[in-house]
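Here, each number is a calculation from the coordinates, and none is a lab measurement. These numbers come from a predicted model, not from an experiment. Methodologically, a virtual Cβ is constructed for each residue, glycine included, from the backbone with ideal geometry; neighbour enumeration extends over all protein chains shown.
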Amino acid sequence: MKDRIYTDHAATTFLSPVALEAMMPYLTDKFGNPSSLHSFGEEASKAVYKARTEIADIFCCEPENIVFTSGGSEADNQAIKTIVSGRRSSVLLISAAEHHAVLNSANSITDSKIEIIPISPCKSGYIDPESVSIAIERTEKSVCGGSFMLANNETGAISDICKISEIIHEYGGIIHTDAVQAAGHILIDFKKLGVDLMSVSAHKFHGPKGIGALIHNGCSIPRSLIHGGSQERGLRAGTENVASIIGMAAALSESAKNMERDTAHIFHLKDMLISGLLPLGAIVNGGGLPGILSVRFPNGDGEALVRSLDLFGIAASAGAACNSKEVGTSHVLLSMGLTHDEAAATVRFSLDASNTDDEIRRIITVMSELV
Ligand SMILES: *Cc1c(COP(=O)(O)O)cnc(C)c1O
């Protein structure tokens, strides 16, 4: 296992042993349904409450305003449907570099009265708040809201969501941020961000897959997508994924506790990797998050590079994981103004505290042979 090198942490991360240990009792003896009145139910419900409080403390939000979902995609869908719900003739502003969970959720809106305005990021990958203001001033319609990711999953670019929130609010809209890549990797203060809605997903910070949350501010209450029982205050029906919720809290607490140390180590690894790749002609595409390095090689073929790296036991990505199995050019890189060829010549390495100096040296050696 350890002779393979994993540098695709933006696609997913391994489950932390600490999280697994926290989950085990709830996958075995403590299997109660939190809605049940007996002691089995109470045991599960108390554990979910504790996990909710831990997560709220880390994100600086209210525990009762966390809606557990099946992951980032569901949270993004719920957020978009919440923004447009009940709105007449208005515009929805969306960054052109959003994850497909946001883009395709917006594309699924059949109400022709909602106009979607894509906002392109700048060359470095982040959204300039000024471009949001300009787009709003150009339209005659009212603004139902906006969705702008905190950190991009392909380039790591971080946008000034505080400022964008202010702008959207000034025009009376609801603002959502997809914080899936940022959560567990940089400090997030939900209240300071000023957004109404925020999505997170556990498997991007060493929690289990299939669990995430939509966090709200108590004013813009999420619209339910799944109807049924009154779990999650009626905002998301279905028996709680108890073990995963507990795993999510454990993984998040662990990453919060180690964040400072881990960030320093990851930046060091990234610097090493950049220094090794620049002499090979690499050009860095944007950036911001500690762990994500998106680089292009003039006249290179990103997909061929990723396949060759895999033969050497190195896992990287040519784009977002959801696209990398299909051949296609990254909409994120194109939206930043890269040409088709530049986008297709890109490789993304996403690093983690578990990566080592030796691994980075091996990647550089293999890349020198391949490029
Ligand atoms: C991974 C990811 C998602 C989707 O989350 P899932 O839990 O896999 O559904 C959404 N947005 C971003 C930015 C992501 O990186």
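Between T339 and D358, what is the label-to-label distance in nm when each label sits 7 Å out along the Cα-to-Cβ direction?
4.2
If the chain between C122 and A96 were fully stretched, how many nm would it gain, using 0.36 nm times the residue separation less the Cα-Cα distance?
Working it through step by step, the gained length comes to 8.3 nm.
Amide H neighbours of N285 under 5 Å, counting only residues 5+ apart in sequence or on other chains, H built in-plane at 1.01 Å?
Those lying under 5 Å, H to H, from N285 are S294, V295, R296.
May I ask you to derive the FRET efficiency for C162 and S308 from their Cβ-Cβ distance with R0 = 56 Å, giving the value to the nearest 0.05?
Step by step, r from the Cβ atoms, then E = 0.85.
Step through the residues of segment 249-254 one at a time and calculate ³J(HN,Hα) from phi using the Karplus curve (6.51 cos²θ - 1.76 cosθ + 1.60, θ = phi - 60°), rounding each to whole Hz and writing x for Gly and Pro.
Per-residue couplings from phi come out as 5, 5, 5, 5, 4, 5 Hz.
Would you mind calculating the gained length between H227 and C60 on full extension (0.36 nm times residue separation, minus the Cα-Cα distance), in nm to one decimal?
57.3 nm
Can you give me the relative contact order of the chain as a percent, contacts being Cα pairs under 8 Å and 6 or more apart?
Relative contact order here is 23 percent.
Please state the relative contact order of segment 223-371 as a whole percent: Cα pairs under 8 Å, 6+ residues apart?
About 25 percent, as a whole number.
Determine the gain in length on full extension of the stretch N258-N107; use 0.36 nm per residue of separation and subtract their C-alpha separation, reporting nm with one decimal.
50.5 nm
Could you identify which residue out of A343, A318, A282 has the top mean-square fluctuation in a GNM of the chain using Cα springs shorter than 10 Å?
With Cα springs under 10 Å in the chain, the top fluctuation among A343, A318, A282 is at A282.
Taking the DSSP beta bridges in the chain as the whole, what percent of them are antiparallel, to the nearest 5?
Around 45 percent antiparallel, to the nearest 5.
So what is the calculated 222 nm ellipticity per residue for the chain, using -39500 (n - 2.57) for each DSSP H run with n of 4 or more, over all residues, to the nearest 500 deg cm²/dmol?
Calculated mean residue ellipticity at 222 nm is -12500 deg cm²/dmol.
Tally Lys and Arg at +1 and Asp and Glu at -1 over the other residues with C-beta under 9 Å from the C-beta of E64: what net charge comes out?
Computed value for this residue: +1.
What is the calculated FRET efficiency for E42 to E21, with r their C-beta to C-beta distance and R₀ = 25 Å, to the nearest 0.05?
After rounding, the FRET efficiency stands at 0.65.
Among T329, T69, T339, determine the one that fluctuates most according to a GNM of the chain built with springs between C-alpha atoms less than 10 Å apart.
T339
For R138 and S85, what does the FRET efficiency come to when R0 = 25 Å and r is the distance between their Cβ atoms, rounded to the nearest 0.05?
After rounding to 0.05, the efficiency reads 0.50.
Only sites in a loop by DSSP and with at most 12 other Cβ atoms within 10 Å count here; which GluC sites (Glu not before Pro) in segment 282-371 make the cut?
Filter output for segment 282-371: E326.
DSSP loop GluC sites (Glu not before Pro) in segment 72-158 with at most 16 other Cβ atoms within 10 Å of their Cβ, which ones?
Of the GluC sites (Glu not before Pro), the ones in loops of segment 72-158 whose Cβ has at most 16 other Cβ atoms within 10 Å are E140.
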